[in-house]
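Peer 1: Once you've had a glance at the structure underneath, I'll fire off some questions.
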Amino acid sequence: MAENMEAVGAQHLGSARRLIVKIGSALMVDAATHQVRRNWLDSVADDIAALRAQGVEVLVVTSGAVACGREHLGLVGRPLKLEEKQAAAATGQIRLAHAYQETLARHGITVAQVLLTLDDTEDRRRHLNGRATMETLLKLGAVPVINENDTVATAEIRFGDNDRLAARVAQMISADTLVLLSDIDGLYTADPRNNPDARHIPLVREITPEIVGMAGEPPPGYSSGGMVTKIVAGRIAMAAGCRMAIAMGKRMNPLAALLKPVEEGGAPATWFVPGAEPRTARKRWIAGSLKPLGTLVVDDGAVAALLKGGSLLPAGVRDVSGEFDRGDLVLIKGHDGRIVGRGLSAYAVADARAIAGRRSAEIEEALGYRGRDEMVHRDDLVLG
């Protein structure tokens with residue numbers, strides 16, 4: 001019974017606190033007119049506004065720039081070369097951002113455009129920059145609208161219809177819920193378009209070879225992802241402690257339909273449910289997946305603050321050693337040599353030495369720029 005109740009509780013948006021909504025090209029842009037589906041997008045914006053009113057932080061990962069921009073450059077009706085895709089994205093991004101700005105402005109919500117590449121999510125320094133920017137936007141009440149930076153990407157195959165990008169963003173910002181709006185209401189044992197006996201899979205706790213084998217070919221049209229990239233996204237999200245849903249996006253107000261369990265009239269979906277929450281998963285990654293490249297020796301006051309759940313401030317740092325860049329892992333030791341913890345440094349070694357022992361208000365004077373108040377933020381820190 002406990003397993004059943006847990007499964008029911010996992011299969012709706014009611015407990016989401018930081019939500020990423022991924023919208024694909026086939027949903028965003030009408031295949032016949034090559035225009036943004038404004039009525040549908042308005043309904044999604046209404047859902048986002050309602051979720052924010054309940055205290056949910058919402059980010060959107062959107063596709064559609066190439067699909068939206070190609071008509072305006074006379075690029076309709078044939079496959080595009082890479083440089084033509086980049087050109088279409090350059091004009092389409094403007095139209096796409098404007099559509100999000102207009103629809104969310106109806107609710108008094110500010111939109112912020114964020115363009116990312118694969119390197120931005122894998123390079124630790126750029127990872128931290130992107131994380132800090134999106135965290136700040138959320139604190140200021142904005143909705144970040146994120147897309148892959150198609151105008152500068154150099155590989156034909158990049159994230160894969162932004163499914164993996166959405167999962168990487170979830171990993172970056174420790175989101176607890178990711179919803180991939182799709183043209184299907186989840187994962188089936190076989191392709192339901194071709195097999196009437198295909199069964200819907202409502203809950204996935206582990207991505208096994210059998211689950212991977214259920215993914216079919218991507219549908220024709222604008223979409224370049226399909227179920228294969230959604231399974232890959234599910235693996236990334238679950239490893240980051242983020243639950244993920246594959247849900248029907250074609251209906252109006254698709255997010256509102258996920259606010260209830262199916263048993264209470266909610267829309268069906270496939271939920272990928274991890275075994276740990278985002279913060280726990282991130283801490284495990286910091287604790288065991290990286291090699292320390294430096295050491296920060298701290299005073300007793302800093303040790304006491306860390307043990308109470310605080311961040312490491314420059315004022316508490318007495319010595320800096322090693323060779324590390326911003327985002328690299330450093331050990332944190334007490335003056336007696338005991339390892340207190342480990343974490344991702346917000347500063348490269350030269351800057352860390354320059355501000356060690358200084359108050360946060362003195363950082364700008366020491367460095368010539370206003371950096372972060374923390375040497376190691378508590379979200380990037382593991383004790384012991």
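Peer 1: From A281, A247, A239, which residue is surrounded by 15 or more Cβ atoms within 10 Å (Cβ to Cβ), touching a Ser or Thr at 6+ places or on another chain (Cβ under 9 Å) and farther than 30 Å from D30 by Cβ?
Peer 2: Testing whether each residue is surrounded by 15 or more Cβ atoms within 10 Å (Cβ to Cβ), touching a Ser or Thr at 6+ places or on another chain (Cβ under 9 Å) and farther than 30 Å from D30 by Cβ leaves just A281.
Peer 1: Since G288 meets every condition but one in (1) surrounded by 15 or more Cβ atoms within 10 Å (Cβ to Cβ); (2) among the small types (G, A, S); (3) closer than 23 Å to V340 by Cβ, which condition does it not meet?
Peer 2: (1)
Peer 1: For residues that are part of a loop (DSSP other than H, G, I, E, B) and in contact with a Leu (Cβ under 7 Å, 6 or more places away or on another chain), scanning just the range 312-344, find the one that is nearest to E364 (Cα to Cα).
Peer 2: R326
Peer 1: Can A90 be described as touching a residue at least 40 places away in the same chain (Cβ under 8 Å), in contact with a strand residue (DSSP E or B) (Cβ under 7 Å, 6 or more places away or on another chain), of a type in the set (G, A, S) and assigned by TED's automatic domain parsing to the domain that holds K230?
Peer 2: So A90 fails the test.
Peer 1: Can you find, within the range 345-379, the residue that is surrounded by the most Cβ atoms within 10 Å (Cβ to Cβ) among those that are in a loop (DSSP other than H, G, I, E, B) and of a type in the set (S, T, Y)?
Peer 2: Residues of the range 345-379 that are in a loop (DSSP other than H, G, I, E, B), as a first pass: 345-348, 356-359, 368-375, 377.
Add one more test, that the residue is of a type in the set (S, T, Y), and what stays is 345, 347, 369.
Values: S345: 29, Y347: 25, Y369: 8.
My answer is S345.
Peer 1: Which members of the range 94-108 meet the condition of being buried (at least 21 other Cβ atoms within 10 Å of the Cβ) and in contact with a strand residue (DSSP E or B) (Cβ under 7 Å, 6 or more places away or on another chain)? Walk me through it before giving the result.
Peer 2: Taking the range 94-108 and keeping what is buried (at least 21 other Cβ atoms within 10 Å of the Cβ), we get 96, 99-100, 103-104.
L96, A99, Y100, L104, listed by residue number.
Peer 1: Please verify whether L13 is more than 18 Å from L180 (Cα to Cα), of a type outside the set (G, A, S) and at pLDDT 85 or above, treating the condition exactly as stated.
Peer 2: The answer is no for L13.
Peer 1: For the range 54-86, give me each residue that is modelled with pLDDT of 90 or more and either surrounded by 15 or more Cβ atoms within 10 Å (Cβ to Cβ) or within 18 Å of Q101 (Cα to Cα) (or both).
Peer 2: Passing the criteria: V56, E57, V58, L59, V60, V61, T62.
Peer 1: Output the residues belonging to the range 344-384 that are among the polar types (S, T, N, Q) and either in contact with a strand residue (DSSP E or B) (Cβ under 6 Å, 6 or more places away or on another chain) or modelled with pLDDT of 95 or more (or both). Spell out how you get there, then give the answer.
Peer 2: Residues of the range 344-384 among the polar types (S, T, N, Q): 345, 360.
Of everything in the range 344-384, just one residue is among the polar types (S, T, N, Q) and either in contact with a strand residue (DSSP E or B) (Cβ under 6 Å, 6 or more places away or on another chain) or modelled with pLDDT of 95 or more (or both), namely S345.
Peer 1: Which condition does A305 not pass, out of (1) surrounded by fewer than 19 Cβ atoms within 10 Å (Cβ to Cβ); (2) in contact (Cβ under 8 Å) with a residue 40 or more places away in the chain, if it passes all the others?
Peer 2: Answer for A305: the failing condition is (2).
Peer 1: Still on this structure, I have one more. I'd like the full set of residues that are closer than 12 Å to L104 by Cα and either surrounded by fewer than 18 Cβ atoms within 10 Å (Cβ to Cβ) or at pLDDT below 95 (or both), limited to the range 27-42.
Peer 2: Here is the first cut: in the range 27-42, the residues closer than 12 Å to L104 by Cα are 38, 41-42.
Result: R38, D42.
Peer 1: Let me ask another. When only residues in the range 260-273 that are part of a loop (DSSP other than H, G, I, E, B) and modelled with pLDDT of 90 or more count, which is surrounded by the fewest Cβ atoms within 10 Å (Cβ to Cβ)? I'd like the intermediate steps shown before the answer.
Peer 2: Here is the first cut: in the range 260-273, the residues part of a loop (DSSP other than H, G, I, E, B) are 260-261, 265-268, 273.
Within this subset, residues satisfying the condition of being modelled with pLDDT of 90 or more are 267-268, 273.
Values: A267: 21, P268: 15, V273: 19.
Of everything passing the filter in the range 260-273, P268 is surrounded by the fewest Cβ atoms within 10 Å (Cβ to Cβ).
The values are calculated or read from the model by the stated rules, or taken from the named source; none is laboratory data. Because the structure is a prediction, the values reported are computed rather than measured. A quick note on method: Cβ atoms are made from the backbone with ideal geometry, for glycine too, and the neighbour counts reach across all protein chains shown.
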